[in-house]
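> The structure under discussion is supplied below as structure tokens; questions concerning it will follow.
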Amino acid sequence: METTDSRLLTGILEQADQAANKTLQEANRQAKAIVEEANKRAQSEMEAERRTLEQKMKQVQLRLQANMTSAKRKAILRHGDDRYQEVLGRVTSLLDAKTIEPYLPQWIAEAALGLDLKEAKVSCSTQCPVTEAHLSMAAALVKKATGSTIVLHLDTKPIRSLGVVVSSLDGMVSFNNQVEIRLRRLDRVLRAMIQEHT
């Protein structure tokens, strides 16, 4: 009986051993699968992080490039503005009463043409007064350009800066041809010329 019990016991132990081996192998296989899956997930996450980092780096580089371009453009504009102010300062310093006096008839005629009136008054500065001769020349220029006759009067109220302001007799409409206003009208042309040469 002992042998039968012994064999039975041995058989049970062998089966238990085989079952344990099988369970161990299955556990090892599952552990290996879990490790492989974890490695794949880790690789995938690392790849996703790498792509995200690359995208962020590209964005940073694009921002940096945009900032550099913007800084260059601002520097160019600042340089252009400095040059413009320099040119404007030189031009303004050259424009005095003696320089502009010969142009007063043309400026008066230009303003009169712009207003298209039969009669107008002309204001001027005390530094560069308009004379009756200037008014006559201006009226002649208007007559030559349009065939119309205009009567021009000197206004008793002076203006502050060099140039002229031509107005209707009631003062409701006017055309400003003062030096600073004329320069402002040429602003775009002056800036374009400065940019072309800088």
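> Need one number: nm distance between label points at R41 and L24, each 7 Å from Cα along Cα→Cβ, rounded to one decimal.
Rounded to a tenth, the inter-label distance reads 2.8 nm.
> Would you please classify the overall shape of segment 54-116 from the alpha carbon gyration tensor, given that a ≥ b ≥ c denote the square roots of the eigenvalues, rounded means a/c under 1.5, and beyond that prolate means a/b larger than b/c while oblate covers the rest?
Because a/c hits 1.5 or more and a/b fails to exceed b/c, segment 54-116 counts as oblate.
> Same structure, new question: Could you give the length gained by full extension between K118 and E196, i.e. 0.36 nm per residue of separation minus their alpha carbon distance, to one decimal place?
My answer for the length gained is 23.8 nm.
> Would you mind telling me which residue in N176, N67, N21 has the biggest mean-square fluctuation in a Gaussian network model of the chain, where springs connect alpha carbons within a distance under 10 angstrom?
Fluctuation is largest for N21.
> Turning to a different aspect of this structure: Once the Cβ-Cβ distance between L8 and K32 is put in as r, and R0 is 30 Å, what FRET efficiency do you end up with, to the nearest 0.05?
Between L8 and K32 the formula returns 0.25.
> What full-extension length gain, to one decimal in nm, is calculated for R63 and R185 as 0.36 nm per residue of separation minus the Cα-Cα distance?
Full-extension gain reported as 40.1 nm.
> Among (1) 47.0, 154; (2) 18.5, 69; (3) 16.2, 49, find the value of Rg and Dmax of the Cα atoms in Å that was calculated from the structure presented, and write down its label.
(1)
> Once you sort the root eigenvalues of the Cα gyration tensor of segment 98-197 as a ≥ b ≥ c, which label holds: rounded (a/c under 1.5), prolate (a/b larger than b/c) or oblate (the other case)?
Prolate.
> Under 5 Å between amide H atoms, partner at least 5 residues away or on a different chain: which partners does V173 have, H built in plane at 1.01 Å?
Here S168 satisfy the definition.
> Residue by residue through segment 117-124, what is 3J(HN,Hα) from phi via Karplus (6.51 cos²θ - 1.76 cosθ + 1.60, θ = phi - 60°)? Round to whole Hz and write x for glycine and proline.
Per residue, the Karplus-derived 3J(HN,Hα) values read 10, 8, 8, 8, 10, 10, 9, 9 Hz.
> Considering the dipole of the chain built from charges on the beta carbon (Lys and Arg +1, Asp and Glu -1) around the Cα centre, which of A133, T156, V35 is farthest to its positive end?
Towards the positive end, the residue furthest out is A133.
> Relative to the present Cα-Cα distance, how much length would full extension add between Q127 and S93 at 0.36 nm per residue of separation?
The span from Q127 to S93 would gain 10.8 nm if fully extended.
> Have a look at T69, A19, S6 and report the one farthest towards the positive end of the charge dipole of segment 1-94, computed about the Cα centre with Cβ charges (Lys/Arg +1, Asp/Glu -1).
It is T69, whose Cα lies furthest towards the positive end.
> For A140 and S161, FRET efficiency with R0 = 25 Å and r from the beta-carbon atoms, rounded to 0.05?
0.45
> Can you tell me which of L152, L13, L104 moves the most in a GNM of the chain? Springs connect C-alpha atoms under 10 Å apart.
In this elastic network of the chain, the residue with the biggest mean-square fluctuation among L152, L13, L104 is L13.
> In percent, how large is the relative contact order of the chain, given Cα pairs closer than 8 Å and 6 or more residues apart?
Contact order relative to length: 18 percent.
> Any chance you could give the angle, 0 to 90 degrees and rounded to 10, that helix 132-146 forms with the longest Cα principal axis of the chain?
Tilt relative to the chain: about 70 degrees.
> Based on Cβ point charges of +1 for Lys and Arg and -1 for Asp and Glu, what charge dipole magnitude is obtained for the chain about its Cα centre, in debye rounded to the nearest 20?
Roughly 880 debye for the chain.
> Right, something else. If you take every residue apart from I34 with its C-beta less than 15 Å away from the C-beta of I34, what net charge results, scoring Lys and Arg +1 and Asp and Glu -1?
+1
> How far, in degrees from 0 to 90, does helix 104-115 lean away from the longest principal axis of the Cα atoms of the chain, to the nearest 10?
Helix 104-115 sits at roughly 70 degrees to that axis.
> Write down the percent of antiparallel bridges among all DSSP beta bridges whose residues are both part of the chain, to the nearest 5.
65 percent
> If I build a Gaussian network model for the chain, linking alpha-carbon pairs within less than 10 angstrom, which residue out of I181, I150, I12 has the largest mean-square fluctuation?
Greatest mean-square fluctuation among the candidates belongs to I12.
> Oh, and also: Per residue of segment 159-172, what does 6.51 cos²θ - 1.76 cosθ + 1.60 with θ = phi - 60° give for ³J(HN,Hα)? Whole Hz please, x for Gly and Pro, Karplus curve as stated.
Going residue by residue, I get 9, 7, 10, 5, x, 9, 10, 9, 10, 5, 4, 7, x, 6 Hz, with x marking Gly and Pro.
A short reminder: the numbers here are calculations on the coordinates, not readings from a lab. The structure displayed is predicted, hence computed values, not measured ones. Ideal geometry is used to build each Cβ from the backbone, glycine not excepted, and the neighbour counts take in all protein chains shown.
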